[in-house]
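Have a look at the structure below, then the notes.
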Amino acid sequence: MSRASKYYLIKVILITQIFCFTVSQSFSQNHKIPTIPLTWNSFKRTTNPKLPYIAYTAHKTLYKYRAIQNGKRVTLRFEVRIMLDTPNTIVNYRRLQSLTTKGKLRLLEHEQGHTDLAVIYGRILYSQLSSQVYSPTNFKTKTRAIYLKLMKDLAEENRQYDVQTEHGFDAEKQNLWKLNISKRLLLN
């Protein structure tokens with residue numbers, strides 16, 4: 001092999017390695033999904049009297065993957081994001097103003113709990129998606145099934161959270177949930 005051919009081959013290998021490293025990094029979760037701190041400015045203000053609650057927090061859980069096929073196996077690199085669904089995160093401003101300062105703080109803490117639960121489930125989603133073995137024929141349905149199950153579990157836990165804490169107005173139950181959620185944020 002000539003010197004020019006060797007130089008060209010080394011150059012191609014280096015470029016390929018750099019390209020592969022960059023691609024995998026762009027599609028891998030290289031950090032924990034961050035928490036989303038809420039303030040009342042996070043909420044779209046409304047005076048809709050039909051709104052059943054003073055405040056409602058909505059989230060979007062998004063995932064994407066990069067698939068690399070190697071024979072009968074597919075390696076997937078995932079990225080999971082949790083976003084505040086700002087058009088659907090709303091507060092009835094008139095009803096909010098009827099609360100005391102302490103009541104407003106309690107309600108915001110309750111809504112923060114919903115946001116933290118979304119983050120916890122996003123981290124679980126990333127973990128479960130990343131720990132599976134996929135084939136070329138099952139990876140799309142398998143990832144979708146994991147996502148749908150966890151979103152169903154999240155919806156149920158949010159429902160239990162609202163019922164047990166009376167939407168944040170049962171201070172004792174709210175404090176128990178807050179401790180539980182804080183611990184889970186540290187673990188996941």
Search result, residues across the stretch 32-63 that are at pLDDT 90 or above, within 12 Å of the chain's Cα centre (by Cα) and of a type in the set (D, E, K, R): Lys60
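Taking into account only those residues within the stretch 100-120 that are hydrophobic (A, V, I, L, M, F, W, C) and in contact (Cβ under 8 Å) with a residue 40 or more places away in the chain, which is nearest to Thr35 (Cα to Cα)?
Out of the qualifying residues, it is Val119.
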Criterion violated by Ser135 - all others in (1) surrounded by 13 or more Cβ atoms within 10 Å (Cβ to Cβ); (2) in contact (Cβ under 8 Å) with a residue 60 or more places away in the chain satisfied: (1)
Residue that is farthest from Leu107 (Cα to Cα) [pool: residues in the stretch 44-68 that are among the β-branched types (Val, Ile, Thr) and surrounded by fewer than 18 Cβ atoms within 10 Å (Cβ to Cβ)]: Ile68
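Name the single residue, out of those in the stretch 100-134 being of a type in the set (Gly, Ala, Ser) and out of contact with any strand residue (DSSP E or B) (no Cβ under 6 Å at 6 or more places or on another chain), that is nearest to Tyr56 (Cα to Cα).
If we filter the stretch 100-134 for residues that are of a type in the set (Gly, Ala, Ser), which is where we start, we get 103, 113, 118, 122, 127, 130-131.
Now drop any that are not out of contact with any strand residue (DSSP E or B) (no Cβ under 6 Å at 6 or more places or on another chain), which leaves 103, 113, 127, 131.
Numbers: Gly103: 15, Gly113: 12, Ser127: 28, Ser131: 33 Å.
Residue satisfying both the conditions and the ranking: Gly113.
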Matching residues, the stretch 98-121, being of a type in the set (Gly, Ala, Ser) and surrounded by fewer than 21 Cβ atoms within 10 Å (Cβ to Cβ): Ser98, Gly103
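Evaluate the following for Leu9: is it surrounded by 12 or more Cβ atoms within 10 Å (Cβ to Cβ), out of contact with any Leu (no Cβ under 6 Å at 6 or more places or on another chain), outside any strand (DSSP E or B) and modelled with pLDDT under 95? Lay out the reasoning, then the answer.
Numbers: surrounded by 12 or more Cβ atoms within 10 Å (Cβ to Cβ): no; out of contact with any Leu (no Cβ under 6 Å at 6 or more places or on another chain): yes; outside any strand (DSSP E or B): yes; modelled with pLDDT under 95: yes.
So Leu9 fails the test.
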Options Tyr56, Tyr93: the member that is among the aromatic types (Phe, Trp, Tyr) and under 19 Å from Glu157 (Cα atoms): Tyr56
Residues of the stretch 127-154 satisfying the condition of being outside any helix (DSSP H, G or I) and of a type in the set (A, V, I, L, M, F, W, C): Val133
Single condition Ser130 does not satisfy, out of (1) touching a Phe, Trp or Tyr at 6+ places or on another chain (Cβ under 9 Å); (2) farther than 25 Å from Leu186 by Cβ; (3) small (Gly, Ala, Ser): (2)
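The values are calculated or read from the model by the stated rules, or taken from the named source; none is laboratory data. Note that this is a predicted model, so its numbers are computed, not measured. Methodologically, a virtual Cβ is constructed for each residue, glycine included, from the backbone with ideal geometry; neighbour enumeration extends over all protein chains shown.
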